[in-house]
Amino acid sequence: MDLWLVWLIVAGALAVAEIFTLTAALGILGVAAAVTAGTAALGLPPPLQLVTFTALAVISLLFVRPVAVRHLLRPQAERFGVDALVGRPAHVVSEVTGLGGRVRIGGEEWTARAYDETLVIPPGATVDVMEIDGATAVVYPRE
């Protein structure tokens with residue numbers, strides 16, 4: 001078996017392993033192995049192939065991986081969908097108890113229930129949306 005094919009198989013195996021681990025390190029090593037497969041196909045001797053792989057892997061792991069990890073771990077800038085409703089004020093349309101009620105959040109009417117099941121929130125009160133549970137807003141009255 002040709003050495004370039006071995007490097008290509010190693011690159012594929014590392015790429016598959018990266019899909020399951022999501023560490024960015026195995027993907028970088030896979031790219032280094034793929035580039036080394038190219039150098040092997042051009043006829044570079046095995047010791048130089050190993051030097052090429054090692055140099056690419058070390059440089060990439062030191063400089064590329066920290067940038068990739070920083071982008072992966074960055075918090076989402078904006079909340080979308082029902083997550084954007086958490087923390088917003090709502091106005092009680094019909095009495096809200098631990099069992100049910102209705103509130104208006106930003107022009108839309110939602111079913112609601114009180115965060116504290118012992119509370120009874122009268123119509124007209126302003127509440128804060130604590131969480132969204134399915135299609136129900138869980139609310140707590142403002143003081």
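The values are calculated or read from the model by the stated rules, or taken from the named source; none is laboratory data. Please read all numbers here as calculations on a predicted model, not as lab measurements. Cβ: placed from backbone, ideal geometry, glycine included. Neighbour counts: every protein chain shown. Side chains are part of the model used for accessible areas, which takes the heavy atoms of the whole protein and leaves out ligands, DNA and RNA. Shrake-Rupley method; radii C 1.70, N 1.55, O 1.52, S 1.80 Å.
Remarks
- Residues whose amide H lies under 5 Å from that of Glu131, counting only those 5 or more places away or on a different chain, are Val138; hydrogens are built 1.01 Å from N in the peptide plane.
- Under the simplified labelling scheme, the Ala68-Thr126 pair shows an inter-label distance of 4.9 nm, with each label point 7 Å from Cα along Cα→Cβ.
- When Met1, Met130 are compared by accessible area of protein heavy atoms, the largest-first order is Met1, Met130, using a 1.4 Å probe.
- Nearest-0.05 FRET efficiency for Glu95 and Ala17, computed from C-beta distance (R0 41 Å): 0.15
- Based on protein heavy atoms only, the chain ends up with 64 Å² per residue of surface accessible to a 1.4 Å probe.
- The slack in the chain from Ala77 to Glu143, taken as 0.36 nm per residue of separation less the alpha-carbon distance, amounts to 20.8 nm.
- Global form of region 1-50, assessed from the alpha-carbon gyration tensor, a/c cut-off 1.5: prolate
- Crossing angle, helix 46-73 versus the chain [Cα axis fit, 0-90 degrees, rounded to tens]: 10
- The charge dipole of the chain, taken about its Cα centre with unit charges on the Cβ of Lys, Arg, Asp and Glu (plus for the first two, minus for the last two), comes to roughly 500 debye.
- Counting protein heavy atoms only, region 1-51 has 84 percent of its accessible area on carbon and sulfur, 1.4 angstrom probe.
- In the chain, the longest principal axis of the Cα atoms and the axis of helix 25-41 are about 30 degrees apart.
- Leading residue at positive end of dipole, region 28-127 (Cβ point charges), from Thr52, Ala90, Trp110: Thr52
- Our compactness index for the chain, the C-alpha radius of gyration over the empirical 2.2 N^0.38 Å, is 1.94.
- Principal-axis tilt of helix 3-21 within the chain, Cα atoms, nearest 10 degrees: 10
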